[in-house]
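Bear in mind that the values in this text are calculations on the coordinates, not laboratory data. For clarity, every value in this text was computed on a predicted model and none was experimentally measured. All Cβ positions, even for glycine, are placed from backbone atoms using ideal geometry, and neighbour counts span all protein chains on display.
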Amino acid sequence: MMSKLKKNSGSAGFTLIELMIVVAIVGLLAAIALPSYQSYIARGNRAAARSALSQAAQYMQRFYAANDRYDADRTGAQTIWATMPPAFMRAPADGTQLYEISNTGANPSSATASTFTLIMRPVATANMANDKCGGFTLTQAGVKGITAAGATSALIAECWR
């Protein structure tokens with residue numbers, strides 16, 4: 001009562017053509033998904049920069065309310081740059097720094113007794129250094145802008161969205 005084993009005449013595996021089709025499909029999906037993912041990450045980084053910039057502007061307003069000026073305290077002993085919390089001057093607040101507020105170097109932030117312009121600029125050696133938006137600007141009047149060359153109102157609106 002032995003049964004005969006049926007031998008498979010074909011091979012049990014994938015052909016080279018089938019494997020190449022799968023590799024092509026995976027490559028196509030990766031080519032579509034990767035730019036979308038990078039765009040998503042850039043939007044998240046921009047949101048962190050805008051959030052830190054808004055917190056810094058709120059700090060400036062509180063400082064003004066306490067000192068009747070934006071640039072220094074009532075005695076003139078401490079400037080706004082010496083008193084602003086470091087977490088407001090960088091984005092993101094934790095992890096690898098991608099943006100910074102500074103009153104020195106290229107695109108510096110500025111403060112006078114009655115006005116301020118804060119610039120959250122990308123760190124030159126970080127991932128966002130060549131971002132289409134460049135840095136973000138915010139004034140005491142709430143005027144929003146970007147530092148990218150040739151910025152249009154449409155690009156400003158897109159970057160601040």
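Details
- Of all residues in region 67-125, those that are farther than 18 Å from Q140 by Cα and in contact with a Leu (Cβ under 9 Å, 6 or more places away or on another chain) total 6.
- T152 surrounded by fewer than 21 Cβ atoms within 10 Å (Cβ to Cβ) and either basic (K, R) or out of contact with any strand residue (DSSP E or B) (no Cβ under 8 Å at 6 or more places or on another chain) (or both): yes
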